[in-house]
Amino acid sequence: METLIQDLKYAARVLLKSPGFVAIAVLTLALGIGANTALFSVVNGVLLRPLPYSRPSELVILSEKSPNFESFSISYPNFLDWQRSNSSFTSIAAYRSDDFSITGSGEAERVRVGLVSADFFETLGVNPARGRLFTEDDDRLGSAPVALITAGLWQRKFGSAPDIVGKRITMNGGGYTVIGVIPASFQLESTNFGIKDVFVPISQNKDPLFRDRDVHPGIRALGRLKPGVTLAAAQADMDQIANNLALSYPDADKGAGVSLVPLKKDIVGDVQPFLWVLLGAVGFVLLIACVNVANLQLARATTRAREFAIRSALGASQSRVIRQLLTESILIGLAGGALGLVLAAWGTQAALKVLPETLPRAQDVGVDGRVLIFTLLASSVAGVLFGLAPALKIARPNLQETLKESGRGASGTRHRAQGIFVVVEMAMALVLLIGAGLMIRSLLDLWNVNPGFNPQGVLTFAVSLSPSLGTNATTSRNAIREMDERLKHIPGVESVSSTGGSLPMTGDNEFPFWLGGQPKPASQSDMKQSLFYFAGPDYLSAMGIPLHRGRFFTPDDNEHSPPVIVIDESFAREYFPNQDPIGKRINIGIIDTEPEIVGVVGHVKHWGLDTDGDAKHPIMAQTYMPMMQLPDVLWTGPPAAAVVVRTKGSPAGLVPSIRDAIEKMNGENVMYETRPLEQILAESLAARRFSMILLGVFAALALLLSSIGIYGVISYVVGQRTHEIGIRMALGAQRSHVLRLMLGEGMKMALVGVAIGVAAALGLTQLMASMLFGVSATDPLTFCGVALVLTGVALAACYIPARRAMRVDPMVALRYE
């Protein structure tokens, strides 16, 4: 302990005598450690932190799956059978998303609603901040309407009123009694759920289709495994239940199965490999920073060779010398880590602002104890890494040679270690640059993909009209027609269409069907599935979707006219090959209609520019039905719709006029989720853009550090070989010869590093193949372009010290020592 304290004191004194070296080394390490800490805080928050629920490892998401699809939502009757028949779960709860309008409590507001079964919160282990949770009596059709509100809504809408429990609120025209307040910290980031404002019992849904076993109304289930039950055992149990249901209800459940996924995996989704790739990439930045500091240490160690030779001559052992040098290196590493932590805290806050909304658990990202431990370990390991090579080199001095050199410096053979370091950092920089280049190429290719519609100048929003405007199918249709007519007359509006069901890149609505004239399939699992869009006559004009054949809807295609339908080119190609589909019919049994095909339109990349047509989202046939021909049974609750508006100028500039027109129609109308269609398109690429930005930043840091590294080495070599250069020039060497000599030495290291980097990148870029689009992980254009750029930067870094070398005055150099 006494020796350690002596080493620390001596190291501090030595470092304080070299403030320039320490500042450069600490700043270099801070960049590497800070970048690693910032990204680790993201990985920690998203992947490593446990979920904020009681015994989270027991929580499992259950969903239905069929032979035609990986998984989809559950029919409510099947959920009830799962609850009753399973032997693997202590509880299974259902949940579904919706939106309600709150009126009568200040300004009308649209709130996010979770329809949940009675044991939803108990399954998660969540207790109310006030009041009570739902009971089985609440979760029954015909029970008194009750609601749980979140602490956020309680504060924002009701001013944290202490008498909130028992208060009556009006949602969608109906009265609900508030029975409790859910803590502000609660949210469930499961698929299609997210943050909610209000929760209501799911069984109080009065829609008759909700209890149809053929209908899958967006319900998912959450279960808690019994102690000791494995996921495999639970899967076997649920498979048996699915088989029994298929025998009992062959029309609805034939071929249907149950998918079980741990809750954390469901929340994290496909982001895990993407984050690990980025963490590996930023690790390269830290290694490059360590290599740079190691080179600085080697250069500095040469000037201290006499000091350590004297210490060795006086009896200091090799281990003692190594320990002293490592102590100095670790002190520099810890200082770099402290500054890096500051940079990481700032960088993490900046990253949170650009994190894609699709990144799960973003609210858990931050600096905590685990991040601090990571920074400490990274700093210590970095100190050892960049200090070890100089320590081993200087611990074995040739005492006679070193003492005779009188501090002049090392011979050329001593530059070998520094050259190796330069090769290593050039190779790592090339790998990062190629990764960033591939991501940039992917994003550029994606932006050139035709989405199937024209997003420029299009505004999208949702609207919930006052319950007083519609109490049945007839009045609801009339209210939607009136709203569309009002919006059409706003100056700057080119076309308007209300829409329902699917909207590209923001959700989906799938219906089973079979072709007209063919026998009805034996079960729903034997039917084909199609994405359904319910649209107004001007939908194609508003969205910019091309019409290929036939016609689209007109105002005459309404509830009083024969049903019609429009299909997309994928539908026509798959189900009517080498035929004209116009005039043919398809049967949509779920809503008991057999419309006639009147037109064919272009295919829309519904799932996203990069995912539509991949293994997880195969291209699905698309169909369009007139919104006014929706069956009466689907016009339940207050009239509501999504709306697309094509404008002549900026969509954002018309939002106030549109909102004003809707509110003038009725003060209880609510317009929400207002977004330009171009924003929706951009958000679909948010995760790719985020990874491109991060890889680009890491690659830029790597390029900067490696350039500084090769510049530093060539500068050091020039300084050490000044005497030699003077002799060469005194013997007749031309300045151009000296320039070529120094450039050759630097470029030899750079080219070897580039060659090794290309070989490494050929293997490592395979890890990011799933993140690429339209470009191979071994794309030759990217590899060659990046190699040329890095070689050019290395040449520029070598040129400055090489130019200084050719200007050496022979007379001065010959006297140089």
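Tell me, which residue of region 3-21 that is part of a helix (DSSP H, G or I) and under 30 Å from Gly347 (Cα atoms) is most open to solvent (accessible area, probe 1.4 Å)?
It comes out as Leu16.
From Ser379, Ser312, Ser329, grab the single residue that is hydroxyl-bearing (Ser, Thr, Tyr) and either at pLDDT below 80 or open to solvent by 30 Å² or more (accessible area, probe 1.4 Å) (or both).
Of the residues listed, the single one that is hydroxyl-bearing (Ser, Thr, Tyr) and either at pLDDT below 80 or open to solvent by 30 Å² or more (accessible area, probe 1.4 Å) (or both) is Ser312.
Would you confirm whether any residue within region 669-676 is modelled with pLDDT under 85, over 26 Å from Pro451 (Cα atoms) and out of contact with any helix residue (DSSP H, G or I) (no Cβ under 6 Å at 6 or more places or on another chain)?
Looking through region 669-676, none of the residues is modelled with pLDDT under 85, over 26 Å from Pro451 (Cα atoms) and out of contact with any helix residue (DSSP H, G or I) (no Cβ under 6 Å at 6 or more places or on another chain).
Regarding region 664-671, can at least one residue be identified that is assigned to a helix (DSSP H, G or I) and buried (at least 17 other Cβ atoms within 10 Å of the Cβ)?
Within region 664-671, one or more residues are assigned to a helix (DSSP H, G or I) and buried (at least 17 other Cβ atoms within 10 Å of the Cβ).
List pairs: first residue in region 693-708 and modelled with pLDDT under 85, second residue open to solvent by 20 Å² or more (accessible area, probe 1.4 Å) anywhere in the structure, Cβ distance under 6 angstrom, at least six positions apart or on different chains.
Final answer for the pair search is none.
Considering only residues that are under 30 Å from Gly228 (Cβ atoms), over 28 Å from the mean Cα position of the chain (by Cα) and small (Gly, Ala, Ser), look in region 94-124 and name the one that is surrounded by the most Cβ atoms within 10 Å (Cβ to Cβ).
Here the answer is Ser117.
What pairs come out if I take residues in region 606-619 that are at pLDDT below 65 and pair them with residues that are of a type in the set (Asp, Glu) whose C-beta lies under 7 Å away, six or more apart or interchain?
Partner pairs satisfying both residue conditions: Lys616/Glu70.
Which one of these does Ile680 not meet: (1) modelled with pLDDT of 85 or more; (2) of a type in the set (A, V, I, L, M); (3) open to solvent by 20 Å² or more (accessible area, probe 1.4 Å); (4) closer than 29 Å to Leu359 by Cα?
(3)
With the structure loaded, tell me whether Gly142 is surrounded by fewer than 20 Cβ atoms within 10 Å (Cβ to Cβ), part of a loop (DSSP other than H, G, I, E, B) and out of contact with any Phe, Trp or Tyr (no Cβ under 8 Å at 6 or more places or on another chain) or whether it fails that test.
yes
Does at least one position in region 728-741 carry a residue that is touching a strand residue (DSSP E or B) at 6+ places or on another chain (Cβ under 9 Å), assigned to a helix (DSSP H, G or I) and among the charged types (D, E, K, R)?
Scanning region 728-741, I find no residue that is touching a strand residue (DSSP E or B) at 6+ places or on another chain (Cβ under 9 Å), assigned to a helix (DSSP H, G or I) and among the charged types (D, E, K, R), so the answer is no.
For region 564-623, which positions are open to solvent by less than 40 Å² (accessible area, probe 1.4 Å), outside any loop (DSSP other than H, G, I, E, B) and among the charged types (D, E, K, R)?
Across region 564-623, the qualifying residue is only Asp568.
Pick from region 54-108 the residues that are acidic (Asp, Glu) and touching a Leu at 6+ places or on another chain (Cβ under 9 Å): which of them is modelled with the lowest pLDDT?
Within region 54-108, the match that is modelled with the lowest pLDDT is Asp98.
Counting just the residues of region 641-650 that are within 32 Å of the chain's Cα centre (by Cα) and open to solvent by 20 Å² or more (accessible area, probe 1.4 Å), which one comes out modelled with the highest pLDDT?
Ranking the candidates gives Arg646 first.
Quick one: would you say Leu634 is open to solvent by less than 30 Å² (accessible area, probe 1.4 Å) and aliphatic (A, V, I, L, M)?
No, not satisfied.
Which number in (1) among the aliphatic types (A, V, I, L, M); (2) surrounded by fewer than 18 Cβ atoms within 10 Å (Cβ to Cβ); (3) assigned to a strand (DSSP E or B) marks the one condition that Ala147 misses?
Here Ala147 clears every test but (2).
Restricting attention to region 716-775, report how many residues are out of contact with any Gly (no Cβ under 8 Å at 6 or more places or on another chain), within 30 Å of Ile434 (Cβ to Cβ) and of a type in the set (Ser, Thr, Tyr).
2
In this structure, does Thr150 turn out to be closer than 29 Å to Ala362 by Cβ and touching a residue at least 60 places away in the same chain (Cβ under 8 Å)?
Answer is no for this residue.
What strands (runs of 3 or more DSSP E) lie completely within region 22-135 and have 1 or more residues being of a type in the set (A, V, I, L, M) and under 22 Å from Trp154 (Cα atoms)?
Counting at least 1 such residues, we get 89-103, 109-116.
Does Leu62 satisfy the criteria of being hydrophobic (A, V, I, L, M, F, W, C) and either open to solvent by 30 Å² or more (accessible area, probe 1.4 Å) or closer than 22 Å to Leu148 by Cβ (or both)?
No; evaluated as a whole, the condition is false for this residue.
Sort out which residues of region 328-350 are charged (D, E, K, R) and out of contact with any helix residue (DSSP H, G or I) (no Cβ under 7 Å at 6 or more places or on another chain), and write them in order of number.
The answer is none; no residue qualifies.
Restricting to region 742-797, and then to whatever is within 27 Å of the chain's Cα centre (by Cα), polar (S, T, N, Q) and assigned to a helix (DSSP H, G or I), can you tell me which residue is surrounded by the fewest Cβ atoms within 10 Å (Cβ to Cβ)?
Among them, the one singled out is Gln766.
Can you spot a residue in region 435-446 that is open to solvent by 30 Å² or more (accessible area, probe 1.4 Å), within 32 Å of the chain's Cα centre (by Cα), more than 30 Å from Asn172 (Cβ to Cβ) and of a type in the set (A, V, I, L, M, F, W, C)?
Checking region 435-446: at least one residue is open to solvent by 30 Å² or more (accessible area, probe 1.4 Å), within 32 Å of the chain's Cα centre (by Cα), more than 30 Å from Asn172 (Cβ to Cβ) and of a type in the set (A, V, I, L, M, F, W, C).
Each row is one residue, and each column tells you yes or no for (1) under 21 Å from Asn172 (Cβ atoms); (2) within 39 Å of the chain's Cα centre (by Cα); (3) open to solvent by less than 10 Å² (accessible area, probe 1.4 Å).
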{"position": "Leu469", "(1), (2), (3)": "yes, no, no"}
{"position": "Thr474", "(1), (2), (3)": "yes, no, no"}
{"position": "Asn478", "(1), (2), (3)": "yes, no, no"}
{"position": "Ile490", "(1), (2), (3)": "no, yes, no"}
{"position": "Ser495", "(1), (2), (3)": "no, yes, yes"}
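The values are calculated or read from the model by the stated rules, or taken from the named source; none is laboratory data. Nothing here was measured: the structure is a model prediction, and the numbers come from that model. Using ideal geometry, Cβ is built from the backbone for each residue, glycine included, and neighbour counts are taken over all protein chains shown. Side chains are part of the model used for accessible areas, which takes the heavy atoms of the whole protein and leaves out ligands, DNA and RNA. Shrake-Rupley method; radii C 1.70, N 1.55, O 1.52, S 1.80 Å.
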